[in-house]
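Asker: The following block contains the structure, expressed as structure tokens.
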Amino acid sequence: MPVRSILAGVGGYLPARIVTNAELATRLETSDAWIRDRTGIRQRHIAAAHETCAFMATAAARAALARAGAEPGEVDAILLATSTPDQAFPATALRVQAALGVPGGFGFDLSAACAGFVYALSVADGMIRSGQVRGVLVIGAEVYSRIMNWQDRGTCVLFGDGAGAVFLRAGEGRGSIDRGVLSTHLHAQGTLGDILYVDGAVGQPDKPGTLVMNGREVFRHAVVRLAEAVDEALAANALTRRDVDWLVPHQANLRIIDAMGKRLGLPAERVVVTVDRHANTSAASVPLALAEAVGDGRIRAGDLVLLEALGGGLTWGSALVRM
């Protein structure tokens, strides 16, 4: 039987501090109604000083390993998707490796903005299928509160902090009815990089290093590109929209999420939504939503789950997973 990547465990971490729309309205020209009507967001979690990218990623990874019944020695690789690493180097993935007590293997960070987790999942799946590794932690962790312009009501109300993780194990599977990652599909269009970006980096110390976004353009491209990626994933596996049990989308905007659910013909209760409570946690949003739905028993063994995300770059992608 061919080797396939099995999602053995999922986990998440959210900072303790919750910032509501009402609190933001005390220092910005905005309101709870304005934010909710346009995004569906009512609150977000904001990291404290000790809640670094590595701290949150480690907590989420521990939860994923525990749910999988796995030990640190089973981890051959750690792939961490983030746009907000703690340091330029070493990779935050290696800070996680040390914190978990993983005795060997390798790790690296991957930057694809909000699509980062889907990208990392695809890379990890390829490594498992090739036989290079047998156990991989795939993590999305972000501290976007530290790259926000907190005077810009058009962006700062949209984002939150957190981390989500999955532990992949090598298993066996062939058809779409067998467990594991069925396929992943990645895309990018660099010519659209200027509609969503961070204005600065380590190599540009004279820049403010804050997020800049043309929300209208991002929304317009998101609906089209995500729909294409969803159709691509289904076609690659000879499946139809009726075969999908759950949609776990990137949690950026409730209007986009609703549009994708309707396109698939899924009732609202089959679309996992956390954006109202988490806001947009970028690369952490898909694994956080997945961890919540698995943890509360909604998503069960055997369910067909469709993951999709779009982020700055532009980057976007989808994945089909049989739980």
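Asker: Taking +1 at the Cβ of each Lys and Arg and -1 at the Cβ of each Asp and Glu, which of 52, 295, 157 sits farthest along the dipole of the chain towards its positive end, judged by Cα position relative to the Cα centre?
Answerer: Positive-end residue among those listed: 295.
Asker: Rank the residues 1, 148 as a footprinting-exposure proxy: fewest other Cβ atoms within 10 Å of their Cβ go first.
Answerer: Ordered by Cβ neighbours within 10 Å, fewest first: 1, 148.
Asker: Please check: in the Gaussian network model of the chain (C-alpha springs, under 10 Å), which one of 60, 165, 88 has the largest mean-square fluctuation.
Answerer: 88
Asker: Mind checking which of 290, 121, 192 has the largest fluctuation in a GNM of the chain, springs on alpha carbons under 10 Å?
Answerer: 192
Asker: Neighbour counts of other C-beta atoms within 10 Å: give me 114, 156, 53 arranged from fewest to most.
Answerer: The most exposed by this proxy come first: 156, 53, 114.
Asker: Quick check: the distance between the Cα centres of the range 277-323 and the range 26-43, to the nearest angstrom?
Answerer: Spelled out, the Cα-based centre of one part sits 24 Å from the other.
Asker: Moving on. Using all C-alpha to C-alpha distances in the range 3-172, build P(r) with 5 Å bins and read off the rounded percent in each one.
Answerer: 1, 10, 17, 20, 17, 12, 9, 7, 5, 2, 0
Asker: For residue 217 and residue 26, FRET efficiency with R0 = 35 Å and r from the beta-carbon atoms, rounded to 0.05?
Answerer: The computed FRET efficiency comes out at 0.70.
Asker: Let me ask another. Could you work out the local net charge near residue 53, counting Lys and Arg as +1, Asp and Glu as -1, over the other residues with Cβ closer than 14 Å to its Cβ?
Answerer: -3
Asker: Please figure out what share of the DSSP beta bridges in the chain is antiparallel and state it in percent, rounded to the nearest 5.
Answerer: That works out to approximately 70 percent antiparallel.
Asker: Let me ask another. Roughly how big is the chain's charge dipole about its Cα centre, with Cβ charges of +1 (Lys, Arg) and -1 (Asp, Glu), in debye to the nearest 20?
Answerer: Computed about the Cα centre, the dipole is about 480 debye.
Asker: Using DSSP to define loop residues, name the GluC sites (Glu not before Pro) in the range 1-98 whose beta-carbon has at most 10 other beta-carbon atoms within 10 Å.
Answerer: 29
Asker: Compare 65, 239, 137 in a GNM of the chain, Cα atoms joined below 10 Å, and give the one with the largest fluctuation.
Answerer: Greatest mean-square fluctuation among the candidates belongs to 239.
Asker: Work out the length of the dipole vector of the range 3-172 about its Cα centre, built from +1 on the beta-carbon of each Lys and Arg and -1 on the beta-carbon of each Asp and Glu, and round it to the nearest 20 debye.
Answerer: 200
Asker: In the range 269-314, which trypsin sites (Lys or Arg not before Pro) fall in coil by DSSP and have 12 or fewer other Cβ atoms within 10 Å?
Answerer: The qualifying sites are 300.
Asker: While we're on this one: For the chain, what is the Kirkwood hydrodynamic radius in Å, using each pair of distinct C-alpha atoms?
Answerer: Kirkwood radius, the chain: 19.4 Å.
Asker: Are there any trypsin sites (Lys or Arg not before Pro) in the range 156-189 that are in a DSSP loop and have at most 11 other Cβ atoms within 10 Å? List them by number.
Answerer: Sites meeting the loop and neighbour criteria: 174.
Asker: If each residue's Cβ is checked for other Cβ atoms within 10 Å, how do 147, 41 rank with the fewest at the top?
Answerer: Listing 147, 41 from fewest to most nearby Cβ atoms yields 147, 41.
Asker: Ok, one more. Hey, got the Cα dimensions of the range 43-111 along the principal axes, in Å, largest first?
Answerer: Result for the range 43-111: principal-axis Cα extents of 34, 27, 19 Å.
Asker: Another one. For the range 180-322, calculate the relative contact order in percent as a whole number, restricting contacts to Cα pairs under 8 Å that are 6 or more residues apart.
Answerer: Rounded, it is 37 percent for the range 180-322.
No value in this document is a laboratory result; all are computed from the given coordinates. As the structure is a computational prediction, the values presented were derived from the model and not from experiment. As a convention, Cβ positions derive from the backbone with ideal geometry for all residues, glycine included, and neighbour counts pool all protein chains shown.
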